Each structure stands twice: as structure tokens, then as C-alpha cells.
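*Asks:* Shown below is the structure under consideration.
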Amino acid sequence: MRKNAFGPKGWLPSRIENLTGQTFVITGTTSGTGFEAAKILLSKGAQVVMLNRNPTKAAGVITTLKDELGPDINIVSIQMDLSEQASVKKAVEKVMQKVTRIDALLCNAAIAQVPQRKLTIDGWESQMGVNYFGHFTLQALLFPLIEKSNGRIVTVSSMGYNMGIKAIKFDDLNWEKDYTPNNAYSQSKLAQIMSIYELQNRLSKAGKTNVKAYACHPGSSRTSLITTSGSLLMRFIFGLMKLSPLTQPAENGAYPQLMCATEKDLDQKEFYGPTGRGHFVGPVGAHEIKPHAKDKDASKKLWVISEQATGIKWNI
Ligand SMILES: NC(=O)c1ccc[n+]([C@@H]2O[C@H](COP(=O)([O-])OP(=O)(O)OC[C@H]3O[C@@H](n4cnc5c(N)ncnc54)[C@H](OP(=O)(O)O)[C@@H]3O)[C@@H](O)[C@H]2O)c1
């Protein structure tokens, strides 16, 4: 096993310095790793902009966080549904009105293991639409402010990138044939990783090295992910898994994205997550990523298709 650069316990949030004056935008903070990440960032003095689809749940989160951290936390809540490009665009306008800088955008929200093939309002398979295309547009539209702030883009992916189709189904991106919940989730998570490494290439070619892009995953964390979008069978299986030592609290699942959002001098070429058994649990650090996730031709092709599909051109 590789030596962990942060010692045997791996990266921990105690490494985060005071974040007063810094702004973090994060998707999906109503539960799971997003909630825990937002809480830790706020506890360090940061301004946190939460982008959630459900305003009632978001209001409840603000109450909970104020109860836990005090009434003076610097929190902004904006409604955004990643399954609707129009909603993402509207949310971006509001973010631009509310903040003057973005130190890191944490692309955390997702749905997983959706039992039946569904299409988003924009016509994409739901997991690809929410997890990948929603975040692609969000990143592209916030990029100018992230660039101005010398900020970062952090994608929260999954080891699922390597537990399904292990390729982008370019001839049938929308799963008109052979839909399976796992393959469609896996493709969306692979696409998220590929676009980060492609973004790095594009930034580097354009000499825009002041912006950093990172790919990470939370291991196997006890969150609401499968309860929200998975089938009854998947909920049962994941319910059992939650009892095993191969899962960890949601807070630990938040550490990789927090590390990527705040740690200085982190190598962008790496993939970050738990380094213990199966990369499900254990000390957080860099670990191997399979070559298919760094396939340059496929990543370039995906980027071009994504700009065409969303109608959004990155200003790089
Ligand atoms: N938990 C794990 O073991 C695991 C493993 C691998 C990867 N991951 C990744 O970790 C990340 C966080 O997931 P989690 O485990 O913390 O799950 P979670 O508890 O279900 O949190 C997911 C968050 O995403 C939000 N969301 C879902 N669809 C959305 C949409 N259309 N627009 C905006 N927000 C939306 C949810 O909002 P609502 O409350 O409205 O549903 C919720 O806030 C995801 O990217 C997931 O793929 C998790």
C-alpha cells in the first residue's frame, strides 16, 4: 500500500485553518456528506452557499446548523434542481448576486441506483442528467468567478466508476437500450471524473493554472443516498451494508471533498478518498485510479458532446 502523505490517520479536518473571508459553494447539503462538509466549513468561519433542490429541507438545515454552531454562521441558501438546466442557470445568477468570490465549488449532490430509466426535463437519463450534466453546467457558469478567485472545482464521484460499465456509452448515452440502475449510475460517476481530468488538461493548455480541479469520493458512507433514489431491494442491501465495518459515518465521507477544497499543494492528477479496505473506509488520502477513468480520447469526446448537449461553452 502507498504511504499516506498525511500520516497513518490520513487527512483530517483539523488541518483546515481559519476560513474567515473564504466562500464555498456546495450542492446537496440537506443530508449525508454535503451536510457534514457544510458544517465543518462553517465551523472554520467560511461563508457557505448551499444549493439544494428542496427549500423546506434547506431551511431545516439552516436551523439545525444555527442550533449546533451558533446564530452568526455565514450561510446562504439558494434553490437549485440539478435535474433542470434552467434551474441551474437561475441558481448561478443568484450566486453571482450574493457572493463576490468562490474559493471552491464542491459538486457533491447526486442520485443513485434509480430503479427505472427516467428522463430529466431536458431529456437526459436521470443519473447522467443530475450527477453529470447538472454539475457540468454549474461548473462552466461559475468558472469565471472561480477563476477570478484563484479557486477550485471539486467533484465528488464514487468508486462506482469502476463497478459498472467502465466506459462512456457514446452510442447510447441515454440508455435507450439495456438500462440498468448500476451501469447508469456508474457511467454518470465516471463522466464526472473524466471531465475533471479533461478540465485540468484544458486549464493547463490555456495557462490558467491558478484554478485547480480535483476528483474524489467518499468511500462507503452511511447517508441517505440509496434511501432517496434506490429500489426497495437496493435499500435492503445497503441497509445491511450499513451494519458492516465496511461503512463509515457520513462525516468521514465528507473528508475527501474538504481536503480537495482546502488543502494546499494537493496534486490534481491524483484521485482522493479512503485508502483502507476496498477504498470503502480508512484514512483519507490519494489512491490509484484505473486507466479507463483517465482515457484522454474518451474524456475529450465527452467534453465536446457535453458542451453541445448543454449548449454551454466553457470560457477557458
Ligand atoms: N454514501 C456513499 O456511500 C457514497 C458512495 C459513493 C459515492 N457517493 C457520492 O457522495 C455524494 C453525496 O451523497 P450522499 O451519500 O451524501 O447522499 P445523500 O445523503 O442522499 O445526499 C445527496 C444530496 O444530493 C441532493 N440531490 C439529489 N438530487 C438532487 C437534484 N436533482 N438537485 C439538487 N440536489 C440534489 C439531495 O437532496 P434531497 O435531500 O432533496 O434528496 C442531498 O442533499 C454523491 O455524489 C454520491 O454519488 C456516496
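*Asks:* Within a 10 angstrom radius of the beta carbon, how do 99, 114, 88 rank from fewest other beta carbons to most?
*Replies:* Values: 99 18, 114 21, 88 26.
Arranged by neighbour count, lowest to highest, 99, 114, 88 become 99, 114, 88.
*Asks:* Could I ask something else about it? Taking the simple approach of a point 7 Å from Cα along Cα-to-Cβ for both residue 235 and residue 18, what is their distance in nm?
*Replies:* Each label point is offset 7 Å from its Cα along the Cβ direction, giving 4.6 nm.
*Asks:* Same structure again: In region 198-260, which trypsin sites (Lys or Arg not before Pro) are in a loop and have at most 15 other Cβ atoms within 10 Å, using DSSP for the loop call? Present the calculation step by step, with values, prior to reporting the outcome.
*Replies:* Working: sites: 202, 205, 208, 212, 222, 235, 242; in loops: 208, 242.
In loop regions of region 198-260 (DSSP not H, G, I, E or B), the sparsely surrounded trypsin sites (Lys or Arg not before Pro) are 208, 242.
*Asks:* While we're on this one: Using the number of other C-beta atoms within 10 angstrom as an exposure proxy, rank 266, 199 with the fewest first. Working shown, then result.
*Replies:* Details: 266 18, 199 25.
Lowest to highest Cβ neighbour count: 266, 199.
*Asks:* Say R0 is 35 Å: what FRET efficiency, to the nearest 0.05, do residue 242 and residue 101 get from their beta-carbon distance? Don't jump to the answer; show the numbers that get you there.
*Replies:* On the way: r = 38 Å, r/R0 = 1.09.
For residue 242 and residue 101, the calculated efficiency is 0.40.
*Asks:* Loop-only check: which GluC sites (Glu not before Pro) in region 113-217 are DSSP coil with at most 13 other Cβ within 10 angstrom?
*Replies:* Working: sites: 125, 147, 176, 198; in loops: 176.
Answer in residue order: 176.
*Asks:* Next question. Please report the net charge: other residues with Cβ closer than 10 Å to the Cβ of residue 252, K and R +1, D and E -1.
*Replies:* It works out to a net charge of -1.
*Asks:* Now, a different point. Give me the one-decimal nm value for the distance between modelled label points at residue 150 and residue 176, 7 Å along each residue's Cα-to-Cβ direction.
*Replies:* 4.9 nm
*Asks:* Using bins 10 angstrom wide from zero, how does P(r) for region 22-310 break down, in % of all Cα pairs?
*Replies:* Calculated over all Cα pairs of region 22-310, the distribution is 7, 31, 39, 21, 3, 0 percent.
*Asks:* Another question, if that's okay. Tally Lys and Arg at +1 and Asp and Glu at -1 over the other residues with C-beta under 14 Å from the C-beta of residue 219: what net charge comes out?
*Replies:* Details: positive: 189, 222, 242, 277; negative: 36, 251.
Result for the neighbourhood of residue 219: +2.
*Asks:* Can you compute the FRET efficiency between residue 202 and residue 263 using 1/(1 + (r/R0)^6), with r the Cβ-Cβ distance and R0 = 22 Å? Round to the nearest 0.05.
*Replies:* Working: r = 23 Å, r/R0 = 1.04.
The pair residue 202/residue 263 has a calculated efficiency of 0.45.
*Asks:* Round to the nearest 0.05 the FRET efficiency obtained for residue 304 and residue 43 when R0 = 41 Å and r is the Cβ-Cβ distance. Working shown, then result.
*Replies:* Working: r = 41 Å, r/R0 = 1.00.
Here the calculated transfer efficiency is 0.50.
*Asks:* Between region 80-124 and region 237-300, how far is it from one alpha carbon centroid to the other, in angstrom?
*Replies:* If we compute the Cα centre of each part, the gap is 22 Å.
Only the coordinates and a few stated rules stand behind these numbers; no lab work does. In this text, all values refer to a predicted model and were calculated from it rather than measured experimentally. No Cβ is skipped: glycine too gets one built from the backbone with ideal geometry, and neighbour counts run over all protein chains shown.
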